[in-house]
Amino acid sequence: MAEQSYDYDVLVIGAGPGGYVAAIRAAQLGLKVACAESRETLGGTCLNVGCIPSKALLHGSELFEEAHEGTLASWGVKTAGVELDLATMMAGKDEAVKGLTGGIEFLFKKNKVTWLKGRAAFDGPHRVTVGDQTVTARDIVIATGSSVTSLPGVTVDNAGGVVVDSTGALALGRVPQHLVVIGGGVIGLELGSVWRRLGAKVTVVEFLDQLLPGMDGEIRKEAGKIFAKQGMALMLSTKVTGVAVEGGKATLALEPAAGGERQVLEADCVLVAIGRRPNTEGLNLPAIGLEPNARGQIETDHEFRTAVDGVWAIGDVIPGPMLAHKAEDEGIAVAENIAGQTGIVNHAVIPSVVYTMPEIAGVGLTEEAAKEGGRAVKVGKFPMLANSRAKTNRDTVGFVKVVADAGTDRVLGVWIISSLAGTMIAQAAQAMEFGATSEDIAYTCHAHPTHSEALKEAAMAVQGKPIHI
Ligand code: FAD
Ligand code: NAD
């Protein structure tokens, strides 16, 4: 029987870090590839309204705070008349986004990936409509990402600038006097930090009794202390039951999470940051007989195949942490699997980083999760206060924590609070990928003086023998 012919070998739906990477790798492997994207620019949430613009504002606001709060003066660098030029800071952020999204367009051209501009929806097996055209493909990858979760009783209006989501908070035209952040997760703390540094009073309202769910317990507790010390007001174990907006001001109704007396909070800006949900509506999944799970995610096997033949899924739209690097690695793996190779992602070793100052990073199991999983663990900790480079730089906040299996000494998880935690965690991830023991890290030569020596010392502390404390 003659093989059926298709317009494309592979059609990727969505050009975020999952989709654009999958499309490029599939093209590199010799396949004819198209990628459907409805946004005006490529790069998805990450490049347009996520990782990149938030990091640009985190960097700019950090420079402003250093100059403005006098930290530089303590190093003999005198500044005078420091002023915020918010428009220039925003323009710098827009420039970063433009450069990087344009870069993906260049890579598509270079690798001969066809960009189909418009919203894609299934029209039947192997058939997809994109805008007013219909195309066929042998393999289709759903990489549609995620959108902001809404809070019942709260209407987001990014253009109005009073009740905003992360996209609105990345483009405010003024520094709020009082910003209330609903949700003490990654977005709330990163964007709350940006606006606090630029001069806003910031209150974070978090439903749970600690910030940053999913991270190690000691890290969460320490993070709470650090953000409170930086001047953020933290209202833990508290829920928002409604927000009313009038005359450019918001009035929030709050209650203890467990129920109790109602409180009212006034603000001129409210950021709703309570999580994200997978994008599946509008894809017409019934046309191929595919149904999302109870959480709205598309389930796949380890090769990223869905329950429907020829349909694959990756990134934020499938279960797992909603992180750009996880989506990228899945993009490479799915393309390799489609091409008949073996694409694997080790979901046990996905690092995560909160880009506040200090940064907060982790990889692998928390101490709590390891114990809940029935393992006996040994823990080694080392404070940045005892690290010579951090001490020299007056950058001593935080610690490194290594969680190892008590029997085999294999490293199960590493958790770090430090100005350079996001860079330091890469070494831990690589060591874990190679199945390292804490002894392997302890006996690896680390350059001196570096913050990374704190990871070596924390690994030595697993055996109770750190040198510098
Ligand atoms: P997305 O990046 O969401 O891309 C999906 C794309 O699909 C979108 O462009 C969308 O327009 C398109 N699309 C959807 N449906 C259709 C359709 N039917 N037809 C055509 N196109 C469609 N992660 C990190 O790892 N590090 C960070 O520092 C970080 N910072 C973040 C900061 C913020 C403010 C936010 C909101 C997120 C951040 N994230 C970060 C998370 C990261 O952005 C996501 O995990 C990542 O973008 C997911 O990639 P993806 O390819 O799965 O989906
Ligand atoms: P999140 O899940 O990190 O945090 C949401 C927080 O809101 C949680 O602490 C939760 O307990 C709280 N919450 C939920 N409902 C609430 C309510 N009604 N009232 C008060 N608090 C409530 O979600 P996010 O911060 O919105 O981020 C979304 C996703 O984007 C995350 O999965 C994250 O991985 C990703 N992201 C990553 C980075 C990074 O890697 N640096 C940065 C930004 C976003």
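The values are calculated or read from the model by the stated rules, or taken from the named source; none is laboratory data. Everything numeric in this text was worked out from a predicted model, so none of it was measured. Note: accessible area is taken over every heavy atom of the protein model, side chains too, but ligands, DNA and RNA are not part of it. Shrake-Rupley method; radii C 1.70, N 1.55, O 1.52, S 1.80 Å.
Figures for the structure shown
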item: Whole-number D in µm²/s for segment 1-107 (Stokes-Einstein; Kirkwood sum over Cα pairs; 10 °C, 1.306 mPa s); result: 95
item: Size descriptor, Kirkwood hydrodynamic radius, that averages inverse alpha-carbon separations across segment 26-185, Å; result: 19.2
item: Fraction of antiparallel bridges per DSSP, the chain only, in percent to nearest 5; result: 60
item: For segment 163-274: relative contact order, % (alpha-carbon pairs under 8 angstrom, 6 or more apart); result: 34
item: Mean accessible surface per residue for the chain, computed with a 1.4 Å probe while every protein chain stays in place, in Å²; result: 46
item: Rg/Rg_ref, segment 352-462, where Rg_ref = 2.2 N^0.38 Å and atoms are Cα; result: 0.98
item: Cα-based equivalent ellipsoid, the chain: semi-axes from gyration tensor eigenvalues, Å; result: 37, 30, 22
item: Table column - 3J(HN,Hα) (Hz), segment 426-437, Karplus curve with 6.51, -1.76, 1.60, x for Gly and Pro; result: 4, 5, 5, 4, 5, 4, 5, 4, 8, x, 5, 8
item: Antiparallel bridge percentage (DSSP; both residues within segment 163-274; nearest 5); result: 50
item: Share of pairwise Cα separations in segment 33-73, more than 15 Å, in percent; result: 58
item: MRE, 222 nm, helices only [DSSP H, n ≥ 4, -39500 (n - 2.57), over the chain, to nearest 500]; result: -9500 deg cm²/dmol
item: Quarter of the Cα convex hull surface for segment 163-274, i.e. its orientation-mean projected area (nm²); result: 6.7
